[in-house]
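Comments concern the structure below.
Please treat every number below as a calculation from the coordinates, not as lab data. Bear in mind the structure is a predicted one, so any value in this text is a computation, not a measurement.
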Amino acid sequence: MSSVAGKRGWADAAAYCSSKFALTGFTQALAAEGTRHGILACVVYPGAMATDWGNWTPQERRAHGHDEPDGAAPADTALPPGDVAELLVWIVTAPSAAVLNEAVVAPLHETNWP
């Protein structure tokens, strides 16, 4: 589980973005190593989620020292965690002949991911 911050860097979030980019490399290496043992790996990049942090207003984010990323979804359109959980269930139950290496999932109106 990563974040759209693992696909695109944002100002004032270098440590967070770096850790999420690192998950991509870790997952790719895990997939390469696991293939010979029938183990698959997929990195998921969720966008804005309806969590305590994801539901902060832009003013609350700024008050806590975080800039609002360009194109971020309004807090009231953030993804419910259950929606992302459904995607994860689909990934782990997908047919073994299909390989999903990565998935970007974001609210419909979020535009800040590649």
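The stretch between residue 60 and residue 30 holds 7.1 nm of extra length on full extension. This uses 0.36 nm per residue minus the Cα-Cα distance. Taking amide hydrogens as placed 1.01 Å from N in the peptide plane, the amide H of residue 78 sits under 5 Å from that of no residue at least 5 positions away in sequence or on another chain.
Extension gain, residue 108-residue 1: 0.36 nm per intervening residue step, less the Cα-Cα distance, totals 36.6 nm. Around the amide H of residue 104, modelled in the peptide plane, lie the amide H atoms of 45, all under 5 Å away and 5 or more residues distant in sequence or on another chain.
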